[in-house]
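Peer 1: Here it is, the structure, as structure tokens.
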Amino acid sequence: MTRSEPSATLHAGPDSRSSVTIKPYVRSPGSYAAGVPRVSQDHLDARRRQILDAARSCFARYGYEGATVRRLEDATGMSRGAIFHHFADKESLFLALAQQDARRMADVVAEEGLVQVMRDVARGQGAPGPAEWLSTRLEVTRRLRTDPEFRQRWAQQSAELTAATRARLARQQQAGKVRDDIALEVLGGYLELVLEGVLAHLATGLPADDLLPVLDLVESTVRRDGQE
């Protein structure tokens with residue numbers, strides 16, 4: 001409720017026949033907030049993407065532990081207050097990067113299959129860059145082994161990728177392109193294990209070109225005979 005002030009009456013003088021009543025200014029609720037420019041959602045989304053892109057390079061260069069808040073500030077060109085306005089803490093920032101990668105992978109899987117994701121990584125194609133994507137993925141793998149809380153938070157993203165792989169295989173199977181003598185769960189698990197092997201191969205610095213004929217073989221093992 002807005003508190004009103006008593007009005008005041010001014011008289012022109014003892015001989016004056018007129019007087020003027022001055023009413024106090026009462027600010028309507030919300031008038032101040034309405035006068036303050038609001039930051040658009042598009043601007044907030046753009047700032048969030050800017051932080052993610054810069055943080056990705058920082059994590060790729062220094063690793064999770066080495067990517068200190070000071071280094072994140074230098075990479076993003078923002079203060080820690082600005083960074084953590086969008087993300088609760090460093091782990092939330094890293095998890096957002098990993099989630100972004102998982103969603104991109106799931107999109108590619110849905111359209112082209114998990115083998116194509118592996119080819120893109122081996123060839124250095126796609127966005128983000130393969131070195132940065134690989135660094136993020138390897139850090140995810142390390143933290144899954146050592147951090148139960150992170151493992152729990154990551155479970156949902158892993159489930160999305162698994163669901164995309166299974167759905168793609170089911171569509172291909174219905175179209176007669178994928179063998180139907182093996183359960184989808186087994187085929188999906190097989191491809192996911194191959195993906196982990198590809199990541200381990202690249203992590204050791206072995207030539208990526210060696211993977212391409214191997215991936216051709218992997219793809220041929222899941223396709224129905226005679227299907228291209």
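Peer 1: Confirm whether R56 is surrounded by 15 or more Cβ atoms within 10 Å (Cβ to Cβ) and either in contact with a Pro (Cβ under 9 Å, 6 or more places away or on another chain) or at pLDDT below 85 (or both).
Peer 2: yes
Peer 1: Residues of segment 61-76 being of a type in the set (G, A, S) and within 19 Å of R49 (Cα to Cα), which ones?
Peer 2: Going through segment 61-76, the residues of a type in the set (G, A, S) turn out to be 63, 66-67, 75.
Scanning segment 61-76 gives A67, A75.
Peer 1: Taking the conditions exactly as written (among the aromatic types (F, W, Y), more than 25 Å from A46 (Cα to Cα) and either at pLDDT 80 or above or in contact with a strand residue (DSSP E or B) (Cβ under 8 Å, 6 or more places away or on another chain) (or both)), does F150 satisfy them or not?
Peer 2: Numbers: among the aromatic types (F, W, Y): yes; more than 25 Å from A46 (Cα to Cα): yes; either at pLDDT 80 or above or in contact with a strand residue (DSSP E or B) (Cβ under 8 Å, 6 or more places away or on another chain) (or both): yes.
In short, yes.
To keep it simple, each residue is scored yes or no on (1) basic (K, R); (2) more than 22 Å from Q157 (Cβ to Cβ); (3) touching a Phe, Trp or Tyr at 6+ places or on another chain (Cβ under 8 Å).
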position	(1), (2), (3)
R61	yes, yes, no
V69	no, yes, no
I83	no, no, no
A88	no, no, no
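Peer 1: Related question: Pull up segment 75-90, narrow it to residues that are surrounded by 12 or more Cβ atoms within 10 Å (Cβ to Cβ) and of a type in the set (D, E, K, R), then point me to the one that is nearest to the chain's Cα centre (by Cα).
Peer 2: This residue is K90.
Peer 1: Let me ask you something else. Which numbered condition trips up R143, out of (1) touching a helix residue (DSSP H, G or I) at 6+ places or on another chain (Cβ under 8 Å); (2) closer than 19 Å to E219 by Cβ; (3) modelled with pLDDT of 80 or more?
Peer 2: Every condition holds for R143 apart from (2).
Peer 1: Now, a different point. Give me the pairs, please: first residue somewhere in segment 61-84 and under 17 Å from L97 (Cβ atoms), second residue anywhere and polar (S, T, N, Q) and assigned to a loop (DSSP other than H, G, I, E, B), beta-carbon distance under 7 Å, and either six or more positions apart or on two chains.
Peer 2: What qualifies is E73/S79.
Peer 1: Would you point out the residue of segment 91-111, among those that are within 12 Å of E139 (Cβ to Cβ) and modelled with pLDDT of 85 or more, that is surrounded by the most Cβ atoms within 10 Å (Cβ to Cβ)?
Peer 2: Step by step, filter segment 91-111, then rank; the result is L97.
Peer 1: Only one of (1) hydrophobic (A, V, I, L, M, F, W, C); (2) more than 22 Å from the chain's Cα centre (by Cα); (3) surrounded by fewer than 16 Cβ atoms within 10 Å (Cβ to Cβ) is not met by A163, so which one is it?
Peer 2: So the condition that A163 fails would be (2).
Peer 1: I would also like to ask the following. Restricting segment 158-194 to residues that are acidic (D, E) and closer than 24 Å to A122 by Cα, which is modelled with the lowest pLDDT? Walk me through it before giving the result.
Peer 2: To start, the set of residues in segment 158-194 that are acidic (D, E) comprises 160, 180-181, 185, 192.
Imposing the further condition that a residue be closer than 24 Å to A122 by Cα reduces the set to 160, 192.
Details: E160: 79, E192: 89.
Only one residue tops the list, namely E160.
Peer 1: Here are the criteria: (1) closer than 26 Å to R223 by Cβ; (2) at pLDDT below 80; (3) of a type in the set (A, V, I, L, M). Tell me which single one A127 does not satisfy.
Peer 2: Going through the list (1) closer than 26 Å to R223 by Cβ; (2) at pLDDT below 80; (3) of a type in the set (A, V, I, L, M), A127 breaks only (1).
Peer 1: Another question, if that's okay. Residue check, G66 against (1) at pLDDT 95 or above; (2) more than 25 Å from D45 (Cβ to Cβ), all met but one. Which one?
Peer 2: Unmet for G66, out of (1) at pLDDT 95 or above; (2) more than 25 Å from D45 (Cβ to Cβ): (1).
The values are calculated or read from the model by the stated rules, or taken from the named source; none is laboratory data. Quick caveat, the model's predicted, so the values are computed rather than measured. Counting neighbours? That spans all protein chains shown, and the Cβs are built from the backbone with ideal geometry, glycine included.
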